[in-house]
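The values are calculated or read from the model by the stated rules, or taken from the named source; none is laboratory data. Just so it is clear, the structure is predicted and the values come from calculations on it, not from any experiment. Every residue, glycine as well, gets a Cβ built from its backbone with ideal geometry; the counts of neighbours run over all protein chains shown.
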Amino acid sequence: MSRHLRAESTGSVAESTIRGVLTGRGYVELSVQEAIEAEPEAEQTAMFQGLQRRPRPSRLFVAQFPIGYSIYGLPLLTDFWVRGAPDYPQGLAIEVKWQQSTGSVDEKFPYLVLNIQQCYPCPALVVADGGGQRPGALQWLRGQVSGNLLGVFSVSEFLAWANRNL
């Protein structure tokens, strides 16, 4: 039980790091509900401006966003969905996989890759770090980059990529 809680905690720290990178690049975090309800600014008429519904920021991200259905036909959430990145008009999904000690995260890489390549409606990045993956797991994952899977990065590699691309 404590091992599971520690893994969740370190995974949350990794996701917080990605959240900080996005915020630092000028993206505004919305909840899933806010992202669904917010209207694009251009669609608001003068009569309704300033009422309950606020305009959607042009650069936003949402954690645990429902991106579609998995290869099993079940609801699929992405760790982060980014909207407003210059080169990604359909949005950009970011998956964060942290494995600090041996465990099962790297066993889920094939499922993740199939979902990204077959089910995601937009390009995706995977941030995989922590040093606890089995030998060969990250190399395999990096070898799957094609189609919707744009890249596999460590946290520091993602920071450098974000500085150039977001």
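Do we find that residue 136 is over 15 Å from residue 15 (Cα atoms), at pLDDT 95 or above and over 16 Å from the mean Cα position of the chain (by Cα) in this structure?
It is false that residue 136 is over 15 Å from residue 15 (Cα atoms), at pLDDT 95 or above and over 16 Å from the mean Cα position of the chain (by Cα).
Checking the conditions here, which among 93, 85 is touching a helix residue (DSSP H, G or I) at 6+ places or on another chain (Cβ under 9 Å), surrounded by 16 or more Cβ atoms within 10 Å (Cβ to Cβ) and not in a loop (DSSP other than H, G, I, E, B)?
Answer to the selection: 93.
Yes/no per residue for (1) on the phi < 0 side of the Ramachandran plot; (2) within 10 Å of the chain's Cα centre (by Cα); (3) modelled with pLDDT of 95 or more:
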| residue | (1), (2), (3) |
| --- | --- |
| 52 | yes, no, no |
| 58 | yes, no, no |
| 61 | yes, yes, yes |
| 65 | yes, yes, yes |
| 71 | yes, no, yes |
| 75 | yes, no, yes |
| 82 | yes, yes, yes |
| 90 | yes, no, no |
| 95 | yes, yes, yes |
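Please work out which residue is farthest from residue 16 (Cα to Cα), limiting yourself to the range 65-110 and to residues that are without any contact (Cβ under 8 Å) to a residue 40 or more places away in the chain and of a type in the set (Asp, Glu).
By that ranking, first place goes to 107.
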